[in-house]
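Below is one structure, written out as structure tokens; the observations come after it.
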Amino acid sequence: MDVHLEVLHPLPAYPFPWPFFRFFDAFPEAAHLIAPKLEPLALTGKEDFDLVILFYQVWFLAPSLPTTAFLQHPLAAKLLKGKPVITVIACRNMWLKAQEKMVSMLSGINARLIDNVVFTDRGNVFATLITTPLWFLTGKQASFFGLPPPGIAPSEILQAQRFGLALQNALADDAEKSNAPLLAGLKAVEANPKLYFTEKAATRSFYYWGKLIRAAGEPGQWIRKPILFLYVIFLVALIVTVIPVSLTLQALIRPLLRKQFARMKYNFELPSGSGTERMSNYVI
């Protein structure tokens with residue numbers, strides 16, 4: 001089996017750890033799917049892949065800007081047209097709106113999404129609102145203030161071998177040529193529909209504030225900093241008010257929304273699903 005790994009290099013490169021304003025300065029473009037330029041790809045567009053696995057992070061409830069840049073690149077339409085694609089997401093815990101955008105972009109270039117795998121930080125939703133930004137801003141994936149360290153648990157990363165083994169078997173049988181998911185029954189994704197309404201409110205906020213900031217200037221220009229500072233204050237206020245209120249209201253009316261949440265969970269977990277019936281076949 002031949003595997004080609006394409007690493008995306010945006011121009012200019014994004015730093016890590018992120019300086020404070022540089023971090024927030026990326027959100028207007030991320031929210032509006034306005035991608036940076038990429039260094040020349042090693043691909044030519046003539047390659048004929050059996051399967052494409054697209055790894056991406058979630059930036060401000062949207063696919064990361066390097067990923068967006070690739071999907072908007074002329075070569076992507078040539079390489080992915082009619083091809084089966086598996087998306088693999090690594091994020092804090094909110095990915096529903098990002099995957100909606102991803103599905104739209106893949107559909108726009110006629111790619112076939114056959115699986116989705118999601119890895120999230122299993123920490124408490126409020127704890128990760130502290131530990132994840134501190135990781136990005138300091139570069140240290142450590143325990144802050146006694147809270148669990150941010151990121152995907154090492155044990156979960158190790159157990160991800162089941163997906164590789166399942167794909168190896170599927171490709172040997174040419175199963176990728178069908179439209180059926182290859183990773184069903186392996187607990188590829190577990191959606192939390194209770195976060196959708198919070199994501200929807202935050203996405204709207206990112207969009208309109210991003211539009212205002214983009215009107216002020218291009219990325220990196222000093223004129224954007226005062227507006228970004230105001231937005232950070234607004235975002236903190238949003239986090240400490242909207243998220244707790246949203247989750248509390250949903251808890252109170254959950255019995256009335258049980259069927260709606262079940263339907264949302266099922267739809268967001270497509271195409272791979274959260275079933276575990278094949279897990280015993282790939283015990284690590």
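What follows draws every value from the coordinates through simple rules; no lab data is involved. Note that the structure is a prediction, hence the values are computed from the model and not measured. Cβ atoms come from the backbone with ideal geometry, glycine included; neighbour counts cover every protein chain shown.
A Förster radius of 25 Å, combined with the Cβ-Cβ distance separating S107 from R204, puts the computed FRET efficiency at roughly 0.65.
Of S205, S107, the sequence from fewest to most neighbouring Cβ atoms within 10 angstrom is S107, S205. Between L33 and D173, the contour length at 0.36 nm per residue exceeds the Cα-Cα span by 46.7 nm.
Name the chymotrypsin sites (Phe, Trp or Tyr not before Pro) in segment 169-274 that are in a loop by DSSP and that have at most 16 other C-beta atoms within 10 Å, would you? Within segment 169-274, the qualifying chymotrypsin sites (Phe, Trp or Tyr not before Pro) (loop, at most 16 other Cβ atoms within 10 Å) are W222. In terms of the Cα gyration tensor, with a ≥ b ≥ c the square roots of its eigenvalues, is the chain rounded because a/c is under 1.5, prolate because a/b exceeds b/c, or oblate? Because a/c hits 1.5 or more and a/b fails to exceed b/c, the chain counts as oblate. Screening the chain for whole DSSP H helices of 15 Å or more along their axis (Cα) with average Kyte-Doolittle hydropathy at least 0.5 returns 125-138, 224-268. Measuring max minus min along each principal axis, the C-alpha atoms of segment 193-246 give extents of 37, 17, 13 Å (largest first). Distance between the modelled labels on L41 and M279, one decimal in nanometres: 3.6 nm (7 Å Cα→Cβ projection).
Only the Cβ atoms of Lys and Arg (+1) and of Asp and Glu (-1) were treated as charged; on that basis the dipole of segment 18-65 about its Cα centre amounts to roughly 200 debye. Using a cut-off of 31 Å between Cα atoms, the listed pairs K211/K259; K37/K187; K83/K259; K46/K101; K101/K177; K83/K194 include K211/K259; K37/K187; K83/K259; K83/K194 as exceeding that distance.
Overall, the anisotropy analysis places segment 1-157 in the prolate class: the square-rooted eigenvalues a ≥ b ≥ c of its C-alpha gyration tensor yield a/c not less than 1.5, with a/b exceeding b/c. Once both labels are positioned 7 Å from their Cα atoms along Cα-to-Cβ, the gap between A262 and L11 label points is 5.4 nm. Summary of packing: across the peptides 36-46, 55-65, the per-residue average of other C-beta atoms within 10 Å ranks them, highest first, as 55-65, 36-46.
Considering the dipole of segment 90-189 built from charges on the beta carbon (Lys and Arg +1, Asp and Glu -1) around the Cα centre, which of N116, Q141, Q168 is farthest to its positive end? Working it through, the farthest residue towards the positive pole turns out to be Q141. Gap in Å between the Cα centre of segment 1-52 and the Cα centre of segment 106-122? So the separation of the two Cα centres works out to 16 Å.
Once both labels are positioned 7 Å from their Cα atoms along Cα-to-Cβ, the gap between F197 and I223 label points is 4.0 nm. Taking the chain as a Gaussian network, where each spring joins two C-alpha atoms under 10 Å apart, which residue of L134, L256, L235 fluctuates the most? Judging by the Gaussian network model, the answer is L256.
As a calculated quantity, the FRET efficiency between K78 and F55 at R0 = 25 Å, using C-beta atoms, amounts to about 0.80.
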